[in-house]
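These notes are about the structure you will find just below.
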Amino acid sequence: MLDFFSIFSKGGIVLWCFQGVSSPFSGTVNALIRSVILQERGGNNSFTHEALTLKYKLDNEFELLFVVGYQKILTLTYVDKFIDDIHMQFRDKYRNQLQQQGVMGLLNGSFDFSDDFSGLLRTAEERTKGKAASVMKTFEQSDKSKKTVKSMIEIRGEKGKESKKNKKDAPVPEAPATEKKTEVQVKASVTVAAGVANQNGLTQEEIIQRNREEFFRKKLGKEKKESDLSFQNLCFGSMAGDLKTVDYESSEEEEEEEEEEEVIQETSHVSVKKRGFGGMFGMLKGLVGSKSLTPQDMEPVLDKMKDHLIAKNVAADIAVRLCGSVAKKLEGKVMGTFSTVTSTVKQALQDSLVQILQPKRRVDILRDIIEAQKLRHPFVVTFCGVNGVGKSTNLAKITFWLMENGFRVLIAACDTFRAGAVEQLRTHTRRLNTLHPPEEHNGQSMVQLFERGYGKDAAGIAMEAIAFARNQSFDVVLVDTAGRMQDNTPLMTALAKLIAINMPDLVLFVGEALVGNEAVDQLVKFNQALADHSMAEKPRLIDGIVLTKFDTIDDKVGAAISMTYITGQPIVFVGTGQTYNDLRSLNAKAVVSALMKA
């Protein structure tokens, strides 16, 4: 029934595996690691790859991963409990070896788990077979058949009168004596504490609190963290092809105060229970990492984090998935010394967000253009997106960036629907040629517009433009397409046709940084339309994202997370201003710092 079961470390060391079929499963497991584990999508513990369904479980204490695979046409109800049983059995059997011997112990260790696995699998299958199949009751066997017609008739007003009467007659419960006593004791404690404070200036707890704050101020040091969005302080690259990046800065004191406040809030409830040495001991016990995290510990913190992400323009569904993935990632993990639940969860979420924004594959357009030159064909980029997001404007910015790097660009005017689209590109072409006149480039125009007017087939115009660029030795062809809503089936079919026929080297989706949930819907439906309407066996989907109007959102940068998470594709360019030079590359750590800022 099971195709395979594998137990391996997060470092990639296979400790034990079971293979029920002859075909190798390494490609399937690699797809799970690449698409789920590395991209922080481990919230639902299920993954489908080709004909297989994979269930997996993380052990964060020992850094292990348990993966089981079976044919997706099967319905195996025992798999979830079975993988939990395997997890507990393996941990208990090899706990000492996993704790003491480290990486070398994993490499050289012997994990003979076959008999245990067979026994647990047999038990799970017998348990499933032993369950009697549920049979639907007949009408005569149901409770409804025993009711009379009279009992089902309800006179209007009777039920309401009766419920009011019951409420009126019910006695009011008195508070238990123990609760009253506790309330008196609390009031007395507050009074005594106030008296001590008045006599000595500071209570013992306040002295401990002050000392603790001083300790954490020294402990945290003067490490500088990025948090504030600043478009005035931009980093310039050393190479001509490097784009300016968005930088963030924050005051050191603000970050330290925020960290201290979190630590104090998490640990202050420990010290108020005890006085003197007992209070200090309780505080240290609460700080030192001596217990593993549970979902109950993380739930209130993750709820706040989820609301914070949504407020920063992250799509609600994505925020829920991210918090679920962080919970799975931290469950069972032992907290570090002098760390709190809030700081641990926040750091894990921050690391996950950075990981999501990091490119999963190399996106080096300049190098790819040089490779295309060696093959004597132009590098083709197609731009797509909904109406009004700034496709033509940002296409002109990218044209300027390519010209600055010495490449000749042909712009294909394939927006044959919107009035003024061709004239807009003609204006951009004229202005770009004034910035790089032909006289400075051996009489060659660095940018040229290829257009055939309105009402023509966009796919045909793109094909002609690519052929023209090849004959005239242009380095790059930038294909501008008409804006279209993701629900417009005829226009989405036309876009899929254009991409399928011309097979561009890069397909860029242009989206606004202003949108949240809408960005997810746009990307999903654009990708789905390209897949559904393509004639190729392996359809071309979106390869990257251009994020426009990034300077209008302050620190509400959640759209970057939503777009990257839903496709797994990188944000290649960021548009920020009104001039041709306002094109940026995305700094993942800087964006996450702005996102996590309160």
Would you check the accessible area of Met335, probe 1.4 Å, heavy atoms only, in square angstrom rounded to 10? 30 Å²
Please compute the Cα-Cα pair-distance distribution of the range 345-412 with 10 Å bins starting at 0, giving whole percents from short to long. 15, 34, 29, 16, 5, 0
Determine the share of the range 534-598's accessible area contributed by carbon and sulfur atoms, expressed in whole percent, with a 1.4 angstrom probe. 47 percent
Of Lys55/Lys244; Lys456/Lys525; Lys10/Lys525, which sit over 32 Å apart, Cα to Cα? Lys55/Lys244; Lys10/Lys525
Distance from the Cα centre of the range 548-578 to that of the range 410-438, in angstrom? 25 Å
Mean projection of the alpha-carbon convex hull of the range 422-498 over all orientations, in nm²? 6.0 nm²
How do 58-65, 408-415 rank on mean C-beta neighbours within 10 Å, highest first? 408-415, 58-65
Leaving out ligands and nucleic acids, and using a 1.4 Å probe, what accessible area per residue does the range 492-566 come to in Å²? 36 Å²
Rank these residues by their accessible area, most exposed first, probe 1.4 Å: Lys329, Lys391, Lys538. Lys538, Lys329, Lys391
Once neighbouring chains are kept in place and the probe is 1.4 Å, which whole percent of the accessible area of the range 310-367 is contributed by carbon and sulfur? 53 percent
Might you tell me the accessible area per residue for the range 318-421, computed with a 1.4 Å probe and given in Å²? 38 Å²
Quick one: pull the percent of accessible area on the range 43-126 belonging to carbon and sulfur, 1.4 Å probe, ligands and nucleic acids left out. 46 percent
Between Ile370 and Thr48, the FRET efficiency computed from the C-beta separation at R0 = 60 Å comes out, to the nearest 0.05, as 0.95
Taking amide H positions as placed in the peptide plane 1.01 Å from N, state which residues far from Phe379 in sequence (5 or more) or on other chains have amide H under 5 Å from it. Val476, Val477
Taking the highest mean first, how do the peptides 345-356, 369-380, 76-87 order by number of other beta carbon atoms within 10 angstrom per residue? 345-356, 76-87, 369-380
For Asp303 and Gln347, what does the FRET efficiency come to when R0 = 22 Å and r is the distance between their Cβ atoms, rounded to the nearest 0.05? 0.80
5 Å is the cut-off here: which amide hydrogens, built 1.01 Å from N in the peptide plane, fall below it relative to Cys414, excluding neighbours closer than 5 in sequence? Asp480
Name the residues whose placed amide hydrogens come within less than 5 Å of the amide hydrogen of Val314, ignoring near sequence neighbours (fewer than 5 apart) on the same chain. Gly558
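The values are calculated or read from the model by the stated rules, or taken from the named source; none is laboratory data. For clarity, every value in this text was computed on a predicted model and none was experimentally measured. Because the Cβ atoms are built from the backbone with ideal geometry, glycine has one as well, and the counts that use them run over all protein chains shown. Remember, those area values only see protein heavy atoms, side chains included, never the ligands or the DNA or RNA. Shrake-Rupley method; radii C 1.70, N 1.55, O 1.52, S 1.80 Å.
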